[in-house]
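The values are calculated or read from the model by the stated rules, or taken from the named source; none is laboratory data. Worth saying up front: this structure is predicted, and the values here are computed from it rather than measured. Only protein heavy atoms, including side chains, enter the accessible area calculation; ligands, DNA and RNA are left aside. Shrake-Rupley method; radii C 1.70, N 1.55, O 1.52, S 1.80 Å.
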Amino acid sequence: MSNWYEPILFGLTLIFFVLGMTSIIMGALPQPAGTNSVQSKVEYSFFGLSGLAVFAVFLYALCTA
């Protein structure tokens, strides 16, 4: 019961992976008419890549812990 940080770190790692991948997928889907599609694609791509970067940091922390 003294090893609480590894399951919490695993949960956060999984959350950031899912958020990063869904943002990238949302950026690849077509946008509805009347919206600025280039801006939306850039925003989704940015959030997706930053989510995957945080995922990589948490994965590194999980592997070295």
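If you run the Gaussian network model on the chain, springs between alpha carbon atoms under 10 Å, then out of LEU12, LEU49, LEU29 the most flexible one is LEU29. In the chain, the longest principal axis of the Cα atoms and the axis of helix 5-28 are about 10 degrees apart. Computed with the Debye formula from one identical point scatterer per Cα of the chain, without solvent, the log10 of I(q)/I(0) at q = 0.15, 0.28, 0.29 Å⁻¹ comes to -0.53, -1.06, -1.10. The length gained by stretching the chain between VAL38 and THR22 to full extension, at 0.36 nm per residue less their Cα-Cα distance, is 4.0 nm. Once the Cα atoms are used to define both axes, helix 37-64 deviates from the longest principal axis of the chain by about 10 degrees.
Averaging the sequence gap over all C-alpha pairs within less than 8 Å and six or more residues apart, then dividing by the number of residues, gives the chain a relative contact order of 47 percent. Calculated accessible area for the chain comes out at 74 Å² per residue, all protein chains present (probe 1.4 Å; ligands, DNA, RNA ignored). The figure for VAL38 is an accessible area of roughly 100 square angstrom, using a 1.4 Å probe on the protein chains alone.
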